[in-house]
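A short write-up of the structure that comes next.
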Amino acid sequence: MTARGRAGIAMVCIVHAWQAVMITENLETVVAEIAAEMAKRPDRGAVAHYIPELARVGPHAFGIAVIDADGNVFAGGDADVPFSIQSISKVFTLTLALGKIGDRLWRRVGREPSGSPFNSIVQLERECGVPRNPFINAGAIAVTDAILSGHQPREALGEILRFMQFLAADPTIAIDEAVAASEQRTGFRNIALANYMKSFGVLENPVEFTLGVYFHHCAIAMSCRQLAMAGRFLAHSGRNPSTGHSVVSPQRARRINALMLTCGHYDGSGEFAYRVGLPGKSGVGGGVLAIAPGKASIAVWSPGLDPSGNSHLGRLALEGLAKRMGWSIFGV
Ligand code: GLN
């Protein structure tokens, strides 16, 4: 290679390195500005009341954590305060169930957006007890049942919890027993959904066992920082780029992201895709895990919800982040 060629390559490398530094600095500023902006907003949505223990959480918290491809963490607000991950756990139970029984899972649960609220029962009757997708409550209960088969509830729950601890590289992650007990006492709608599916033979295990595991994995408490860590494999083709651990194949990661995009926000999934443009999964605890493929794993938390049961400020924060970073999967 000529001296001029070498100089050209060196120049390109310097430009790339400089761009990388610029992107990192930019992300740091953007995250700090979003956290400051969200802390000030008066519109905060309404905290979930149907699980009494969740209703005790005030609407004032806001947290955000973004982990880029190099493992840099950008955090703001209440990023280290644990909250109830609720339905975000469904991303991880889906991952485990696919690992356990592979594509046979799709005999028990569909892959289409429901266009209905997360706890709706109407579609189940028309579709013979087979839930539309793994992220509505009925679908997640069917997925939990698949993980439970062949195990005691305690073992299945232990496996789910250890998976979260492994992904987040944090053995302190735990279940909030008060939240689990609160939902167990008042989860009449889920009890109805599970019994209805059982009547069609969609659930293999005793309904109370499956629901016990379901309520407890919904009650796992994690901070934004821990959750963003746990989601990293989805942002990087199934692999944690820092440890090199391969969690799922690239194809499976792509498919889980596709389901998060189309079904992760229930009847608000279209609006989330329109405004944010990233695969995302919300929970009624007010958390959202969002994935910028190849770029970042993001967790936001604000307990106030919109009418579809998705975090109000969480969505606004992700909309701002995706727009300012140019991260929408549909382009800038
Ligand atoms: N545990 C909650 C329920 O089953 C989860 C719902 C949610 O987060 N959207 O109702």
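Only Lys, Arg, Asp and Glu count, each charged at its Cβ (+1, +1, -1, -1), so figure out the dipole size of segment 110-201 about its Cα centre, rounded to 20 debye.
My answer is approximately 240 debye.
Among ILE220, ILE256, ILE121, ILE329, rank each residue by its count of other Cβ atoms within 10 Å, from fewest to most, as a rough exposure measure. Walk me through the intermediate numbers first.
Working: ILE220 28, ILE256 24, ILE121 14, ILE329 17.
With the sparsest Cβ surroundings first, the list reads ILE121, ILE329, ILE256, ILE220.
If a/c stays under 1.5 just call it rounded; otherwise compare a/b with b/c (prolate if a/b is bigger, oblate if not). Do that for segment 242-332, with a ≥ b ≥ c from the square roots of the Cα gyration tensor eigenvalues.
prolate
When PHE188, PHE83, PHE200 are ordered from fewest to most other Cβ atoms inside 10 Å of their Cβ, what list results?
Lowest count first: PHE188, PHE200, PHE83.
Cross-link candidates for LYS90: which lysines have Cα within less than 19 Å, leaving aside residues fewer than 8 places away along the same chain?
Here the lysines satisfying the reach criterion relative to LYS90 are LYS100, LYS281.
With helices defined as uninterrupted DSSP H runs, which ones in the chain have an alpha carbon span along their own long axis of at least 24 Å and mean Kyte-Doolittle hydropathy of at least -1.0?
Numbers: long enough: 3-40 (56 Å, 0.71).
Span-like helices in the chain: 3-40.
Which one, ALA169, ILE147, THR186, is farthest towards the positive end of the dipole of segment 125-196 when Lys and Arg carry +1 and Asp and Glu -1 on their Cβ?
Value: THR186.
Taking +1 at the Cβ of each Lys and Arg and -1 at the Cβ of each Asp and Glu, which of LEU305, ALA228, GLY294 sits farthest along the dipole of segment 213-332 towards its positive end, judged by Cα position relative to the Cα centre?
My answer, from the dipole projection, is GLY294.
Local charge sum around ALA194 (other residues, Cβ-Cβ under 9 Å, Lys/Arg +1, Asp/Glu -1)?
Combined, the nearby Lys, Arg, Asp and Glu give -1.
Once you sort the root eigenvalues of the Cα gyration tensor of segment 41-169 as a ≥ b ≥ c, which label holds: rounded (a/c under 1.5), prolate (a/b larger than b/c) or oblate (the other case)?
Judged from the Cα gyration tensor, segment 41-169 comes out oblate (a/c at least 1.5, b/c at or above a/b).
Hey, got the Cα dimensions of segment 22-78 along the principal axes, in Å, largest first?
44, 23, 12
What number, in percent, do you get for the relative contact order of the chain if the mean sequence gap of Cα pairs under 8 Å and at least 6 apart is divided by its residue count?
24 percent
What FRET efficiency, computed as 1/(1 + (r/R0)^6) with R0 = 51 Å and r the Cβ-Cβ distance, is obtained for ARG126 and PHE166, rounded to the nearest 0.05?
0.85
Just to confirm a number: summing +1 for Lys and Arg and -1 for Asp and Glu over residues other than GLY304 whose beta-carbon lies under 9 angstrom from that of GLY304, what do you get? It would help to have the intermediate numbers written out before the result.
On the way: positive: ARG44; negative: ASP43, ASP306.
Result for the local shell: -1.
Could you name the aspartates and glutamates whose alpha carbon sits less than 17 Å from that of LYS323, not counting residues in the same chain fewer than 8 places away?
List returned: GLU25, GLU28, GLU33, GLU37, ASP68, GLU271.
Can you give the net charge of the other residues whose Cβ lies under 13 Å from the Cβ of ARG255, counting K and R as +1 and D and E as -1? Intermediate values should be presented prior to the final figure.
Details: positive: ARG111, ARG252, ARG254; negative: ASP103.
Neighbourhood net charge equals +2.
Just how large is the dipole of the chain about the Cα centre, in debye to the nearest 20, putting +1 at every Lys and Arg Cβ and -1 at every Asp and Glu Cβ?
For the chain, the charge dipole is close to 860 debye.
Arrange MET325, MET197 by Cβ neighbour counts within 10 Å, fewest through most, would you?
By the 10 Å Cβ count, ascending, the order reads MET325, MET197.
Just check segment 38-109 against the gyration tensor rule for me: Cα atoms, a ≥ b ≥ c as the square roots of the eigenvalues, rounded for a/c under 1.5, and otherwise prolate or oblate depending on whether a/b exceeds b/c.
oblate
May I have the pair-distance distribution P(r) for the chain, computed from all Cα-Cα distances with 20 Å bins from 0 and rounded to whole percent?
P(r) for the chain, in whole percents per bin: 33, 55, 10, 2.
Under unit Cβ charges (Lys, Arg +1; Asp, Glu -1), what dipole magnitude, rounded to 20 debye, does segment 182-332 have relative to its Cα centre?
520 debye
Any read-out appearing in this document is the output of simple, stated calculations on the displayed coordinates, not a laboratory observation. Computed from a predicted model, the values in this text were never measured in an experiment. We place every Cβ from the backbone using ideal geometry, glycine too, and count neighbours over all the protein chains shown.
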